[in-house]
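Peer 1: Before I ask anything, here is the structure I am working with.
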Amino acid sequence: MNYTISVFGLGFVGLTTALAFAEKGNKVFGYDVNEQRVKTLKAGKLPFVEPGLDEALLKHQDKNFVITSAPEKAVIESDFIFLCVGTPGGEHGEADLKFLYSAIDLFSSVIDDGKFRTIVLKSTVPPSTTAERIIPYLEAKGLKPGSQFGVANNPEFLREGKCWDDMINADRIVCGTSDLRGEEMLRSLYSDFSSPFFAVSLNTGEFIKYLSNTLLATMISYSNEMSKIADAIGGIQIKEAFEVLHMDRRWGNATMSSYVYPGCGYGGYCLPKDTAAMVATSLSKGYEPQILEKVIAVNDSMPQYMAGKITKHAKKTDKIGILGLSFKPDSDDVRDSSSAKIIRILMREGYNNIVAYDPMANKPFSDEYEFNIEYASSKEELCIFSDVVVLVTAWKEFEDIRNYINEKPLIDCRYFTLNLEQE
């Protein structure tokens, strides 16, 4: 099914979005307040360099893609309104939404006409913006999201220099939605794209975009900090060291989910001692490695954080079942185990009725830690005798644990089991 779409903002994201939908056979109106940009585009030229986008502009200009100077009229005809305007950083780092509000002001007076449309924020905005800033702004104008129109966000994952291919052959399409009708419309709109489609909550859609960007920023800053440490130590071939790092098979033959995924923190033998040793060495050479210090601080905070989740659901008289004792699945290594740290915190706070089970590590754990706890012989036995179940190690056999606990609380510290919402 083809739709009519209005796109507000014809910069890098907006123009790519508009032309991609035109490429799929939709009728697209484009609007921008920048007169020089509009003049350039109407002349069939790009205001920036983007391979493939220039050809798409020439192909669709004044056919499926029309630049309009009458945004209200375009919106009246449209099924979707895509907001692709800038959200610059404010004085204190916050996202400045003034261009989004100005775009809404341009069409808000014409959308209460009985036709259901979906307003889609493609501009990058922090999590909670759609729900807590945009929807209230519309409501203050007497408009009713959900009944008169849908509101969604649809973050972009475009790389400069490759934006056309990234849009046409997207590795994923994410839509944060607030109503079923808007979600169904977006699924239909994107059905011509051979990309996996994810409909999530409004906040989740925005959060996924920031997960991507902040991870990239962190990896770049981490690499820069490590180069500073190398300089402080001296005698290190930085270029060669990083090139050898890139050969690690974990990056070539494994998915990033092996490491870029939340849980209780890292444990075992190597990561804790080596990260601490690098900090100590760097400090001894006169350089304070702020990122690595924070890495350790965050990791050290995770057992207390998870214990706090447990105590929200457990009374001190409850029997707490701990699933998993090794520091990672497919291993019986219990050194620096997250389970040990969590159990120690729980017992210190008076939660002494604890039973634990691990497919391989019951005995190694019992030998290593002198805790006065019980050990179950299976996950089934643990679930029977526990009042609250806590999954700490992501063993494959625990993936279906919800089938064994009935209505008992499950605190999934590894975000591992299949559930719609984390407790």
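Each value in this text was obtained by applying a stated rule to the coordinates, not by laboratory testing. Quick caveat: nothing in here was measured; it's all calculated off a predicted structure. Every residue, glycine among them, receives a Cβ derived from its backbone with ideal geometry; neighbour counts consider all protein chains shown.
Peer 1: Kindly write out, for segment 400-412 in residue order, the coupling ³J(HN,Hα) from the Karplus curve 6.51 cos²θ - 1.76 cosθ + 1.60 (θ = phi - 60°), rounded to whole Hz, with x marking Gly and Pro.
Peer 2: 9, 4, 5, 6, 10, 9, 6, 9, 5, x, 10, 9, 8
Peer 1: For segment 300-412, just the Cα atoms, rotate onto the principal axes and tell me the three extents in Å, largest first.
Peer 2: 30, 30, 23
Peer 1: Something else now. Compute the distance from the alpha-carbon center of segment 305-321 to that of segment 143-192, in whole Å.
Peer 2: Result: 40 Å between the Cα centres.
Peer 1: Return a whole-number percent for the relative contact order of segment 154-312, with Cα pairs under 8 Å and 6 or more residues apart as the contact set. It would help to have the intermediate numbers written out before the result.
Peer 2: Numbers: 105 pairs, mean separation 28.2, N = 159.
18 percent.
Peer 1: Antiparallel as a % of all DSSP beta bridges within the chain, to the nearest 5?
Peer 2: On the way: 3 of 44 bridges.
Antiparallel: roughly 5 percent of the beta bridges in the chain.
Peer 1: Out of residues 5 or more away from Ala356 or on other chains, whose amide H comes under 5 Å of its own, with H placed 1.01 Å from N in the peptide plane?
Peer 2: For Ala356, whose amide H was placed from the backbone, the distant partners under 5 Å are Ile322, Glu374, Tyr375, Ala376.
Peer 1: Tell me, what ³J(HN,Hα) does each residue in segment 329-342 have, in order and in whole Hz, if you take phi through Karplus 6.51 cos²θ - 1.76 cosθ + 1.60 with θ = phi - 60° and put x for Gly and Pro?
Peer 2: Once θ is set to phi - 60°, the couplings for segment 329-342 become x, 6, 8, 9, 6, 10, 5, 6, 5, 4, 4, 4, 5, 5 Hz.
Peer 1: Next up: Residue by residue through segment 186-198, which ³J(HN,Hα) values in whole Hz follow from phi under the Karplus form 6.51 cos²θ - 1.76 cosθ + 1.60 (θ = phi - 60°), with glycine and proline marked x?
Peer 2: Result, ordered by residue: 5, 4, 5, 4, 8, 5, 7, 9, 8, 9, x, 10, 10 Hz.
Peer 1: Okay, moving on. For Thr124, Thr281, which order do you get if you count the other beta carbons within 10 Å of each Cβ and list the fewest first? Show your work: numbers first, answer last.
Peer 2: Details: Thr124 18, Thr281 14.
In increasing order of surrounding Cβ atoms, one gets Thr281, Thr124.
Peer 1: Taking 8 Å as the Cα distance limit and 6 or more residues as the minimum spacing, I'd like the relative contact order of segment 4-202 as a percentage.
Peer 2: So the answer I get is 20 percent.
Peer 1: Sticking with this one: Starting at 0 and stepping by 10 Å, how many percent of the alpha carbon pairs of the chain end up in each bin?
Peer 2: It works out to 4, 18, 22, 20, 19, 13, 5, 0, in whole percents.
Peer 1: Starting from the Cα gyration tensor of segment 4-202, multiply each eigenvalue by 5, take the square root, and state the resulting semi-axes largest first in whole Å. Walk me through the numbers on the way to the answer.
Peer 2: Details: eigenvalues 115, 69, 64 Å².
Equivalent ellipsoid of segment 4-202: 24, 19, 18 Å, largest first.
Peer 1: Give the percent of DSSP beta bridges with both residues in segment 4-202 that are antiparallel, rounded to the nearest 5.
Peer 2: So the antiparallel bridges in segment 4-202 amount to around 10 percent.
Peer 1: Between their Cα atoms, which of Lys24/Lys115; Lys73/Lys98; Lys59/Lys162; Lys122/Lys294 are more than 25 Å away from each other?
Peer 2: The pairs that break the limit, which is 25 Å between Cα atoms, are Lys122/Lys294.
Peer 1: What's the exposure ranking of His313, His92, His246, going from fewest to most Cβ atoms within 10 Å?
Peer 2: Ranked by crowding around the Cβ, least crowded first: His92, His246, His313.
Peer 1: What does the convex hull of the Cα atoms of segment 9-125 come to per residue, in Å³, rounded to a whole number?
Peer 2: Numbers: hull volume 13.1 nm³, N = 117.
Here the figure is 112 Å³ per residue.
Peer 1: Still on this model: Size of segment 76-151 along its principal axes in angstrom, Cα-based, largest extent first?
Peer 2: Largest to smallest, the principal-axis extents are 40, 20, 18 Å.
Peer 1: Using all C-alpha to C-alpha distances in segment 259-299, build P(r) with 10 Å bins and read off the rounded percent in each one.
Peer 2: Reading the bins upward from 0: 27, 53, 18, 2.
Peer 1: Fewest Cβ neighbours within 10 Å first, please rank Glu240, Glu156 accordingly.
Peer 2: Numbers: Glu240 9, Glu156 20.
Fewest to most other Cβ atoms nearby, the residues stand as Glu240, Glu156.
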